[in-house]
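All remarks here apply to the structure that follows.
The values are calculated or read from the model by the stated rules, or taken from the named source; none is laboratory data. As the structure is a computational prediction, the values presented were derived from the model and not from experiment. We place every Cβ from the backbone using ideal geometry, glycine too, and count neighbours over all the protein chains shown.
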């Protein structure tokens, strides 16, 4: 008797998100964003994933609080950098950089949350 595996709504959503990300990376559209914004995103993704791993591993708080605290703590270095940049001659606070930091933190924490959910279901 064959086993039928039907993807859940969450799994389909993740599949669509990954397909959109792959399509974005395969087109020259990412070149318009610029290397600086991609670096902000990449570093913040790592910070978000690291913070979420630490908070989810070491804390007994509810999962939503763990991920919120992880996201806030991972976003603080990017905010501090932008505040520092605003005080430097010829530089300014960049809301766009901070926006890419936020997207990266969300991607990192969401990835850890999804992996945790998949491993514990």
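In the condition set (1) modelled with pLDDT under 90; (2) exposed (fewer than 10 other Cβ atoms within 10 Å of the Cβ), residue 94 is compliant with all but (2).
Results for (1) touching a residue at least 24 places away in the same chain (Cβ under 8 Å); (2) in a helix (DSSP H, G or I); (3) under 17 Å from residue 38 (Cβ atoms); (4) in contact with a strand residue (DSSP E or B) (Cβ under 9 Å, 6 or more places away or on another chain), shown as yes or no for each residue.
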| site | (1), (2), (3), (4) |
| --- | --- |
| 76 | no, yes, no, no |
| 82 | no, yes, yes, no |
| 85 | no, yes, no, no |
| 91 | no, no, no, no |
| 100 | yes, yes, yes, no |
| 105 | yes, yes, yes, no |
| 108 | yes, yes, yes, no |
| 114 | yes, yes, no, no |
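Test residue 78 against the criterion of being touching a helix residue (DSSP H, G or I) at 6+ places or on another chain (Cβ under 6 Å), closer than 17 Å to residue 115 by Cβ, surrounded by 11 or more Cβ atoms within 10 Å (Cβ to Cβ) and at pLDDT 90 or above, and give yes or no. Answer is no for this residue.
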